[in-house]
Amino acid sequence: MTDYSSIDFSGLEALTADEVVTHSLVSDIRTRGGRTIALITLHNGRDHKRPNTIGPRTLAELDGVLETLRARAAAGEIDAVAITGKPYIFAAGADLSQISALRERKDALLIAQQGHHVLGKLSDLGVPSFAFVNGLALGGGTEIALNSTYRTVDSSAAAIALPEVFLGLVPGWGGAYLLPNLIGIENALEVVISNPLKQNRTLKPQQAFELGIFDAIFPPANYLEDSLAWADGVLAGTIKVERRNAPGKIERLTKWPVAIKVARGMLESRIGTVPRAPYRALDLLDKARSGTRAEGFAREDEALADLIAGDQFAASMYAFDLVQKRAKRPVGAPDRSLARKVTKVGVIGAGLMASQFALLFLRRLEVPVLITDVDQARVDKGLAYIHEEIAKLEQKGRLDGDAANRLRALVHGTIDKAEYADCDFVIEAVFEETKVKQDVFAEIERIVSPEAILATNTSSLSVEEIGSVLAHPERLVGFHFFNPVAVMPLIEVVRTPQASEEALATAYAVAKDLRKNAIGSADAPGFIVNRLLAKVMGEAARAIDEGTPLMTVERAFAPLGLPMTPFQLIDLVGWKVAAHVQDTMVSHFPDRFHASANLHALADLPQAVEKDRSGRVTGWTKDAQKALSVGSSPVSEQEILRRVEDELAREIRIMLDEGVVPEVEDIDLALILGAGWPFIDGGASVYLDRVGASERVSGGTFHDPVIRGVDA
């Protein structure tokens with residue numbers, strides 16, 4: 001096994017000279033029981049907006065502190081060591097900016113080994129160690145706690161998680177070995193693999209405590225004092241720490257391998273086999289069933305080094321940076337001071353989409369919301385849906401009784417458009433047809449004040465054309481949500497040549513208040529996401545029209561790593577919708593987009609595809625087989641993939657040349673947030689550069705240098 005003490009880690013510090021060091025500040029605490037606990041407080045000298053992170057220099061400093069404390073423990077000066085964080089923050093894990101700066105695999109291996117070397121000392125100080133997790137603990141922060149002898153958590157901590165798989169990595173500082181041996185394999189699979197793949201879901205402190213990650217949980221008012229008193233009791237023997245999943249109680253022979261097998265099958269059906277990190281994590285969890293801690297740590301070292309050095313992590317870091325930074329500062333957004341204040345929202349329509357809008361505006365803005373439709377019955381149906389959803393939130397404990405009643409009181413339905421007179425922001429969610437939307441806005445403009453902002457949720461129609469009937473088209477913006485409204489984080493804010501700075505500023509401000517990420521788009525067909533999804537769906541339909549078997553087409557797209565196959569996506573959004581989007585794009589760009597009569601034929605059927613339990617397409621229905629009219633020139637998976645890669649690269653280049661968005665980063669961000677494009681691709685442009693599609697279609701790449709792994 002690796003002898004970490006013989007490894008020279010000093011070279012890492014030279015590679016990470018700009019690291020924001022999280023210092024290890026030590027103070028001795030004398031307990032009521034007369035014991036001395038050396039308390040390490042992790043603090044990077046910044047406020048809570050810059051969480052504690054862990055890089056080579058942070059680890060080196062912590063290493064020196066732990067060695068000093070080991071000597072003090074041997075001398076009988078201290079009875080225990082505890083570690084906590086600055087206010088609200090324990091540690092947000094590895095400093096990813098420093099990790100991604102490592103340019104060779106050998107350096108990636110060193111950072112994995114250094115983490116094990118230092119954090120592993122928390123279990124080998126000669127005295128017990130306690131982790132007092134007083135706030136946010138992610139990745140390496142959670143692993144600090146796992147390496148400690150005992151753990152407590154503040155009930156108000158923002159989040160507890162091991163999110164590495166989401167970023168194309170694995171828990172590599174002990175988490176993949178220690179966690180399953182602490183809480184059992186099923187729970188560990190949830191924390192290490194399932195949660196990261198569910199939009200990076202995290203644990204609340206109570207959930208983490210119930211899983212067995214923590215031995216005690218205390219409220220924030222006296223968290224540190226309570227934790228110290230609890231630790232004193234543990235040291236005195238008056239408090240017995242009972243762990244229901246203690247190593248001797250974990251069943252390993254049957255349950256463990258079965259859980260791994262089930263998880264592997266679920267991964268293959270949900271995400272395919274392209275993403276590397278989930279499968280490396282699964283292998284580590286599988287092997288954690290037996291063997292020593294040292295063996296487990298050595299396996300983590302190799303896995304982490306391989307992944308850090310790989311293309312998928314490089315792409316993930318590019319995507320992560322987009323989501324963490326660019327998404328928070330939308331390019332082209334006017335100054336927020338220009339935004340109009342929104343005190344009442346009008347939603348035109350009372351169908352499912354409109355009702356989802358109304359509920360979101362209610363919950364996030366907490367202002368009066370008005371809905372309308374062509375008759376009272378539809379209005380009542382929309383109101384009933386909103387009230388039912390509020391009741392569900394109340395039942396789940398996400399709203400208390402007072403908040404739920406307040407929201408119910410704020411929403412109102414009417415067929416009298418005159419009630420819209422005092423709305424500041426009016427959004428339509430009516431049938432996707434230009435004339436219908438024009439009629440709606442022409443009517444409402446005569447009612448609302450001259451300062452009111454109008455928004456259309458069109459997914460592909462020209463916003464400028466919709467607004468051409470208005471006396472003041474400058475007040476109209478595109479405000480395109482993605483379905484399901486409550487879940488999808490993206491809103492495309494579409495600017496027309498007439499749109500005022502005030503209208504755009506208000507749209508961006510409202511999107512932020514809704515806790516959505518806004519990305520600006522020119523008023524171009526399909527805007528950003530649907531334009532490129534139309535490329536994907538169009539190439540899939542083209543291959544079917546040529547006579548290619550359905551499952552060949554579905555498999556062809558696997559290397560893209562998309563969350564859904566093309567026809568799974570079409571079945572989700574609706575065959576009529578997909579056919580309409582394709583028709584819209586073909587009407588504008590007949591030489592670049594494929595129109596498929598088969599899409600329309602399938603749209604008339606009650607069901608076009610057969611699917612398995614996981615939702616994956618398995619074949620055509622009998623009705624679909626009869627309805628299809630296909631050629632006799634099937635193409636291979638390789639040819640389909642090359643086509644879609646080249647067509648995406650060509651269309652993205654055209655969109656940039658046309659000024660649909662300022663930079664390719666906005667296209668990638670839109671695909672990540674609006675279409676679930678995987679981090680491991682870096683959106684689309686990084687992948688297209690890497691596979692050569694960008695070079696093939698335009699003689700150049702989107703990124704220079706191409707974003708690749710450290711050893712590429």
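The values are calculated or read from the model by the stated rules, or taken from the named source; none is laboratory data. These numbers were taken from a predicted model, which means no experiment stands behind them. Every residue, glycine as well, gets a Cβ built from its backbone with ideal geometry; the counts of neighbours run over all protein chains shown. Ligands, DNA and RNA are stripped out before the accessible areas are found, and what is left, the full protein with its side chains, is counted by its heavy atoms. Shrake-Rupley method; radii C 1.70, N 1.55, O 1.52, S 1.80 Å.
Taking the inverse of the mean reciprocal distance over all distinct Cα pairs, the Kirkwood hydrodynamic radius of the range 280-387 comes to 19.2 Å.
Both radii are taken from the alpha-carbon atoms of the range 398-455; with Rh as the Kirkwood radius, Rg/Rh is 1.09. Over the C-alpha atoms of the range 600-648, the Rg to Rh ratio, Rh being the Kirkwood estimate, stands at 1.06. In order along the range 306-322, phi translates into HN-Hα couplings of 4, 6, 4, 7, x, 4, 5, 5, 4, 5, 4, 5, 4, 5, 4, 5, 4 Hz, rounded to whole numbers, per the Karplus curve 6.51 cos²θ - 1.76 cosθ + 1.60 with θ = phi - 60° and x for Gly and Pro. Applying 1/(1 + (r/R0)^6) with R0 = 41 Å to the Cβ-Cβ distance of Thr273 and Asp8 gives a FRET efficiency near 0.60.
Taking the DSSP bridge list for the chain and keeping only pairs wholly inside it, about 25 percent are antiparallel. Please give me, ordered by residue number, the GluC sites (Glu not before Pro) of the range 483-563 that lie in loop per DSSP and have at most 13 other Cβ atoms within 10 Å. In loop regions of the range 483-563 (DSSP not H, G, I, E or B), there are no sparsely surrounded GluC sites (Glu not before Pro).
Work the Kirkwood hydrodynamic radius out for the chain: mean of 1/r over every pair of different alpha-carbon atoms, inverted, in Å. Kirkwood radius, the chain: 27.9 Å. Per-residue ellipticity at 222 nm, computed for the chain from helices alone with -39500 (n - 2.57) per DSSP H run of at least four residues, works out to -14000 deg cm²/dmol. So if we plug the beta-carbon distance of Gln207 and Lys106 into 1/(1 + (r/R0)^6) with R0 = 51 Å, what FRET efficiency do we get, rounded to 0.05? Between Gln207 and Lys106 the formula returns 0.85.
Average accessible surface for the range 74-143: 28 Å² per residue, computed with a 1.4 Å probe over protein heavy atoms with every protein chain in place.
Taken over the C-alpha atoms, the range 182-285 has Rg and Dmax values of 17.3, 52 angstrom. Taking the DSSP bridge list for the range 126-269 and keeping only pairs wholly inside it, about 10 percent are antiparallel. A cut-off of 5 Å between modelled amide H atoms, ignoring neighbours fewer than 5 places along the same chain, links Ile54 with Gly93, Ala94, Asp95. Size descriptors for the range 573-622, from the alpha-carbon set: Rg then Dmax equal 12.8, 39 Å. Phi angles of the range 234-241 translate, via the Karplus equation with coefficients 6.51, -1.76, 1.60 and θ = phi - 60°, into HN-Hα couplings of 5, 5, 6, x, 7, 10, 9, 8 Hz per residue; Gly and Pro are given as x. Per residue, the average separation of C-alpha pairs within less than 8 Å and at least 6 apart gives the range 1-89 a relative contact order of 32 percent. A 1.4 Å probe run over the protein chains yields, for the range 346-401, 46 Å² of accessible area per residue, whole-number rounding.
Probe radius 1.4 Å, ligands and nucleic acids ignored: give me the carbon and sulfur share of the accessible area of the range 478-601 as a rounded percent. C and S fraction of accessible area: 59 percent. Of the peptides 120-132, 62-74, the ranking by mean beta-carbon count within 10 Å, highest at the top, reads 120-132, 62-74. Tyr4 exposes around 30 Å² of accessible area when a 1.4 Å probe is run over every protein chain in place.
A viscosity of 0.890 mPa s and a temperature of 25 °C, combined with the Kirkwood radius over C-alpha pairs in the Stokes-Einstein formula, give the range 1-142 a diffusion coefficient of 157 µm²/s.
Amide H contacts for Lys86 (H built 1.01 Å from N in the peptide plane; partners 5 or more residues away or on another chain; cut-off under 5 Å): Leu42.
For the chain, relative contact order (Cα pairs under 8 Å, six or more residues apart, normalised by length) works out to 11 percent. For Gly413, the residues 5 or more places off, or on other chains, whose built amide H falls under 5 Å of its own are Ile371. Multiplying the residue separation of Arg408 and Ala486 by 0.36 nm and subtracting their alpha-carbon distance yields 26.3 nm.
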